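Single-structure report; data block below.
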Amino acid sequence: MSLSDPIGDMLARIKNSQLRNHKNLVLPSSKFKSRIAEILKSEGYIIDYEVKTEEKKSNLYINLKYNSGNPVINSIERVSKPGRRIFSSAESLPKVNNGLGIAIVSTPKGVMTDIDARKNKVGGEIICKVF
């Protein structure tokens, strides 16, 4: 099965799993997706993630995080899409909910949050916003 937007698929699966109060999530893995999951873990939006390889296919297992029954991720939305890429310089990176949320940015120095991109003074493609 070929997907035109695997990152959008990942974000939709996270959103749908949290709407149904699932504890775990399994999706096809890639280095880019595992880096996004690593950022979500370091920022406290998910409990943990793990990449497992079974029969030449690697899967990404994500443990979702809830706070008193409510999902920690209130909204997760794709900004840059395959049909319309959104790029930003370091100075004009968006602040998500006045700094309460994060934007995940793909830069020449790797995938990082908007805060880290401002510190490193590097811009790039805005992948998604998480709050």
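Just so you know, all these numbers are worked out from the coordinates, no wet-lab data involved. On a predicted model such as this, the values are computed, not experimentally measured, just so you know. Methodologically, a virtual Cβ is constructed for each residue, glycine included, from the backbone with ideal geometry; neighbour enumeration extends over all protein chains shown.
Size descriptor for the chain, Kirkwood hydrodynamic radius: 15.2 Å (Cα pairs only, one decimal).
Divided by 2.2 N^0.38 Å, where N counts the residues, the Cα radius of gyration of region 6-71 comes to 1.07. Between 0 and 90 degrees, the angle of helix 6-19 with respect to the longest Cα principal axis of the chain falls at about 60 degrees. For region 50-115, the set of trypsin sites (Lys or Arg not before Pro) satisfying both a DSSP loop assignment and a count of at most 12 other C-beta atoms within 10 Å is given as 56, 85, 109. For the residue pairs 15/57; 33/121; 95/119; 23/65, alpha carbon separations beyond 18 Å are given by 15/57; 33/121. Region 83-131 gives an Rg/Rh value of 0.93, both radii derived from C-alpha positions and Rh following Kirkwood.
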